Amino acid sequence: MAANTEKKWFGTSSRRFNGLVNNPVLEDYSLRYAPKSFRKWSEYAVAMAALGGIAYMADQAIGGSLAVQFGFTNAFWGILAAAFVIFLTGIPIAYYSAKYNVDVDLLTRGAGFGYLGSTFTSVVYASFTFIFFALEGSIMSQAMNLYWGIPLPWAYAIASLIIIPLVAFGMTLLSVLQKWTQPVWITLLIAPFLAVLIKDPSAFTTWTEFAGKSPSGAAFNPLYFGTAAGIALSLIAQIGEQADYLRFMPNKTKGRAWIWWVAVLAAGPGWVLLGLSKQLMGSFFASLAVSHGTTLDKANEPIQMYIAGFHYIFPGLATAITVATFFVLLSQIKINVTNAYSGSLSWSNFFSRVIHIHPGRVVYIFLNVGISLALMEANMFSVLGHILGFYSNIAVAWIGAVVADLVINKPLLKLSPSYVEFKRAHLYNFNPVGFGAMIIASAISIAAFFGIFGEYAQAFSAFIALAIAFIASPIIAIITKGKYYIARDAHYHAGTHHDVLTCTSCGHEYEKEDMACCPYHDGPICSLCCSLEIQCMDQCKEVGVIKGVPVKCG
């Protein structure tokens, strides 16, 4: 069946979606506001689902790689600096996503990028999900190769394919998976670290004196510190995956306001506290693995780290390898269902705007997993630092521009609407405030990353991206006087006292927050049908903006 079919009668349409789109369990409102009727989970359930995805081993791999490449001191302070930035930038994004029940793509649209301007950030975010899916899949494959002897090319394929059926059912299955596996995962995460500290306290000194391959040894070097922090900052886009869960947060109520806030902060920016701990664990276990005979080239592989760690609990090497393999596989499944899920949301948003077709979120799971598999087969793990260092410049510029809009342009300058507007019918295609700030910041920081402005600018290119985006966004907002945020005012159907309205295009009912008035269809239209409409030529904006006539329905 076609993704969506359309029949035309005198300027109106009847749109039909296939079963993948019409099934809310499979579709998870991937291109829409998450309606109150679907948000049936408690604050605790949403927070646990969001934090369950932080089981990934990429933190350990990154921490181990930084320690091997730059030595303990530079890795330690670089990880802390990146975590500080990620925590602060995550607070406003988590708050607005949970309050307005939108994912990071819909949030970006209304935070200074415009309807089509955010298509670029959809690709940036999708890149984050498939880069880290490939990284996590590589880690899982290393464990399968070591334990079962499965050749890496085949292990890559297995690690990819087993994720697809798990992620197809969206939040409904993911919330259960993350909830029930979390206690086991936390136990296995902490146990080897405690065992090492109890049985071999000198391992801590070995860690703090670890030099790896760093020319400066274990001593501090500002250039290596900046480069290490820049690589760690590539994880700044993780807040997008947290927002994909936070959009299902129940409404904040008086009696449970503090519970809501705790859940939002824990599942939003709070992820980085766990991420920070795991990166430091990775650097610790890398030094431990090297002290046990692992080569520096393999010390950043989590399976090697945890074999060394679990050996302190289980004297038998075979048992230690078995438990380490189980832990790695469990961790990677927990995170890669999130990577695949978030990637499917991002690709859905991208293609619905570019080609005006939406075959369903599930279809894009295969696209995201396919790209990730190709990266794994190309052995991206061997060039991990270079990929993440480059990517962080673009990701940091994007997040910096969004955060500037949320904390400066909205509450202080009042040039950006106080709410989050995400519907095509109400947005300009491009808003130079966020989109322009990101492009400027990305261009300058990438040039710095490739050494055009000297070695210090190269080392701190990600911080340059953050500073420029954060400063440029309010400056552009002042220059444009906030003109390009809202293309026309929202006018709902005459029956706005009803919580649910019927879309005149597809005939389905949606909550009014997801609806807009459409002069082309002469009635209310849901945000997805509005996105997919190719015949209207944005006439609602022409009527509402150029002629100054409010668009009304009915």
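The values are calculated or read from the model by the stated rules, or taken from the named source; none is laboratory data. Remember, it's a predicted structure, so these values are computed and weren't measured experimentally. Quick reminder, even Gly has a Cβ in these numbers, built from the backbone with ideal geometry, and neighbours come from all protein chains shown. Please note that ligands, DNA and RNA were not included when accessible areas were found on the heavy atoms of the full protein model with its side chains. Shrake-Rupley method; radii C 1.70, N 1.55, O 1.52, S 1.80 Å.
Taking the criterion of being in contact with a Ser or Thr (Cβ under 7 Å, 6 or more places away or on another chain), open to solvent by 20 Å² or more (accessible area, probe 1.4 Å) and modelled with pLDDT of 85 or more, the only residue of the stretch 365-391 that qualifies is 373.
For the stretch 87-104, the set of residues classified as open to solvent by less than 10 Å² (accessible area, probe 1.4 Å) and part of a helix (DSSP H, G or I) consists of 90, 93, 94, 97, 98, 104, listed by residue number. For the stretch 417-436, taking the residues that are at pLDDT 95 or above and among the small types (Gly, Ala, Ser), the one that is least open to solvent (accessible area, probe 1.4 Å) is identified as 434. Listed conditions (1) crowded, with 24+ Cβ neighbours inside 10 Å; (2) of a type outside the set (Lys, Arg); (3) at pLDDT below 95; (4) within 23 Å of residue 186 (Cα to Cα) are all met by residue 264, apart from (3). Is there a residue in the stretch 140-158 that is surrounded by 18 or more Cβ atoms within 10 Å (Cβ to Cβ) and without any contact (Cβ under 8 Å) to a residue 24 or more places away in the chain? Yes - at least one qualifying residue is present in the stretch 140-158.
The number of residues in the stretch 349-366 being under 19 Å from the mean Cα position of the chain (by Cα) and without any contact (Cβ under 8 Å) to a residue 24 or more places away in the chain comes to 2.
Scanning the stretch 309-350 for residues that are over 17 Å from residue 150 (Cα atoms), open to solvent by 10 Å² or more (accessible area, probe 1.4 Å) and either of a type in the set (Val, Ile, Thr) or touching a helix residue (DSSP H, G or I) at 6+ places or on another chain (Cβ under 7 Å) (or both) turns up 311, 312, 313, 314, 319, 323, 330, 333, 347, 350. For residue 446, the requirement of being closer than 13 Å to residue 482 by Cα and open to solvent by less than 50 Å² (accessible area, probe 1.4 Å) is not met. Among the residues of this structure, residue 271 does not count as one that is under 29 Å from residue 102 (Cβ atoms) and open to solvent by 30 Å² or more (accessible area, probe 1.4 Å).
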